[in-house]
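Accompanying notes for the structure given below.
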Amino acid sequence: MRPTSSSTSAAALALISAAAVASSSSSEHFASAFVPTSPSQNSAFFSRASTTSQSQSKSQSDPTKLCFGMNDNVADDSFSIGSNKKKGNKGAINPENIQSYITEPSESRIRPASELGDTVLVSGFVNPASPTLGRDSDQTIFDLLNDPSHDSSGLDFDRIVAFVPDSSFAKKRLVSRTSRYSGLLNKLSFLEADGTTTTSSSDGSLLPSSEQLEGVTTWVARVEESSSADPIRTNLDAIETIVRNAKASSSVRNVALLLCDVSTLNMEAALDAVKTLSDDEGKDITYTVVAVGKTDGDVPEATLPYSVCDLFAASPPEAQEEATTTTTPAPGDTGLPYAASSSSSSSIAASTYSREESLRLLTTCLGLDCGRNRALAFTAVDNVNATTYKLVKGLREAGYTWSQELEHMVEDGVENYEKAIADFKAAHPDDPSLMMTSDEKLQEAIAEAMNRQEAENEEALKRMEAKTAYLNSEFVLEMSEDSITAPDWA
């Protein structure tokens, strides 16, 4: 029998398609393969392969779908951060997904301007004898006090007084193009130490007297690391002098203290002295205390998350345990840079903290309502598995400003976050999937998708081998010498 030209063309087309299928290893050919039962099904096979190839080419722009075998028809937002929160499924939110726990940032509760007053005095900066001179920018604290926006902390003073030992030296440090353009020079004035100035301790540190504080409504003071032979006694003398002079002044209503290098502080005695600011009858001075470790001027602010602890709420033993946790961070780390009393034989080394960020914390806490009559210790945390690290990082990713972030960490903090996780797990004891973090869910989904794709590929390969064998048998049958005459071979 002489084969027709159409049958020859069909046979050649079958041979080409078989070779193409055999050389192809892409998943789209695997998925579209099927075993035809008769030659008439070839056209249907090639039509389906063409349609599948077109649909697969549209998804080439998303390599993730090809890699994990994801279907375009599947809405895959179950693993996106905060996806349950967007859907409003509050009952199914696992707080370990940090963004499902964090709410939308709201306006911070700031202290009224009438409470802070119109004049702030700054001491402990621009000191030629300071051990940190040349390693930090003295202007930073003045810029923060001069910025009314300042992340909505509400600091808007009419006068900023720099108490300095040498006004000529201080002007060289603070009078600059930046201070002129920012408007700081319109508010800044200098108060130089004189005969009425108080010498706080044996190292000669100078603090304004009660007479020099007249007209000042808010006093911002830094007690920095001392180079004296007895730094614990020296720093405690400075704190007690600040408290005594503030109470003797008729105008001071607020005191903000930045305590640096808390390993050189008798914290228990220092806090007892600070609390007397609001204990005296007829004299109610509010205070804000920020305690950090040794300050480092080379570390920019917001380099690392931090842990925060209310020193008045932590007993010395608890504080010592927190400080130990900070040295060797654990997943629930809420470290505290707390120094034991001078009589203690144990010495707890405080962590290093960004000097720039410590100033930011002090001024922000001063302007917030939650910073009133609080003593807060901050420690930098570099352990990515620490709960406080995850929480602070989540707040920043959610768009919280400095004031909103600090307010959340001070008032809610790690304790409320861990409580929310514990309550959630107690309410869903029979659903292990709800206990998984978003990362764990993603890893499980990837593993399931890869296993499913591998099984589909194996099945498709078997179908392809069977189809190839079938096409080869049909081709050999049609192209045999018995079925083709000599002219056709020629």
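From the list Arg173, Arg180, Arg109, Arg159, exactly one residue is modelled with pLDDT of 70 or more and exposed (fewer than 12 other Cβ atoms within 10 Å of the Cβ). Which is it? Selected residue: Arg180, the only one of Arg173, Arg180, Arg109, Arg159 that is modelled with pLDDT of 70 or more and exposed (fewer than 12 other Cβ atoms within 10 Å of the Cβ).
If you go through segment 392-415 and pick out every residue that is out of contact with any helix residue (DSSP H, G or I) (no Cβ under 9 Å at 6 or more places or on another chain) and in a helix (DSSP H, G or I), you end up with 1.
Just one of the listed residues (Met464, Met409, Met450) is crowded, with 16+ Cβ neighbours inside 10 Å, over 21 Å from the mean Cα position of the chain (by Cα) and at pLDDT 85 or above, namely Met464.
For segment 121-139, the condition of being exposed (fewer than 15 other Cβ atoms within 10 Å of the Cβ), at pLDDT 70 or above, part of a loop (DSSP other than H, G, I, E, B) and acidic (Asp, Glu) holds for none of the residues. Within segment 355-377, residues that are farther than 18 Å from Val223 by Cα and part of a loop (DSSP other than H, G, I, E, B) have Cβ atoms under 7 Å from residues that are open to solvent by less than 10 Å² (accessible area, probe 1.4 Å) and at pLDDT below 95 in these pairs: Arg372/Arg111, counting only partners at least 6 apart in sequence or on another chain.
Restricting to segment 244-270, name every residue that is more than 24 Å from Arg355 (Cα to Cα), in contact with a helix residue (DSSP H, G or I) (Cβ under 8 Å, 6 or more places away or on another chain) and either assigned to a helix (DSSP H, G or I) or open to solvent by 10 Å² or more (accessible area, probe 1.4 Å) (or both). Hits for segment 244-270 are Arg253, Ala269. The condition of being open to solvent by 30 Å² or more (accessible area, probe 1.4 Å), farther than 20 Å from Arg374 by Cβ and modelled with pLDDT of 95 or more holds for only one of Gly204, Gly215, that being Gly215.
Which residue is farthest from Lys393 (Cα to Cα), if the candidates are limited to segment 416-444 and must be at pLDDT below 75 and in a loop (DSSP other than H, G, I, E, B)? Once the filter is applied, the top-ranked residue is Asp430. Residues in segment 392-406 that are among the hydrophobic types (A, V, I, L, M, F, W, C) and open to solvent by less than 30 Å² (accessible area, probe 1.4 Å): Val392, Leu395, Leu406. Only one entry in Asp284, Asp298 is within 22 Å of Val120 (Cα to Cα), at pLDDT below 90, surrounded by fewer than 24 Cβ atoms within 10 Å (Cβ to Cβ) and not β-branched (Val, Ile, Thr), namely Asp284.
Anything in segment 381-391 that is out of contact with any helix residue (DSSP H, G or I) (no Cβ under 7 Å at 6 or more places or on another chain), of a type in the set (Val, Ile, Thr) and crowded, with 23+ Cβ neighbours inside 10 Å? List them, or say none. Answer for segment 381-391, where residues must be out of contact with any helix residue (DSSP H, G or I) (no Cβ under 7 Å at 6 or more places or on another chain), of a type in the set (Val, Ile, Thr) and crowded, with 23+ Cβ neighbours inside 10 Å: there is none.
Please go through (1) open to solvent by 60 Å² or more (accessible area, probe 1.4 Å); (2) modelled with pLDDT of 85 or more for Ala486 and return the number of the only condition it doesn't satisfy. That leaves (2) as the condition not met. Restricting attention to segment 271-281 and to residues that are over 35 Å from the mean Cα position of the chain (by Cα) and charged (D, E, K, R), the residue that is most open to solvent (accessible area, probe 1.4 Å) turns out to be Glu281.
The values are calculated or read from the model by the stated rules, or taken from the named source; none is laboratory data. A quick note: this is a predicted structure, and the numbers were derived from the prediction, not measured. Every residue, glycine as well, gets a Cβ built from its backbone with ideal geometry; the counts of neighbours run over all protein chains shown. Note: accessible area is taken over every heavy atom of the protein model, side chains too, but ligands, DNA and RNA are not part of it. Shrake-Rupley method; radii C 1.70, N 1.55, O 1.52, S 1.80 Å.
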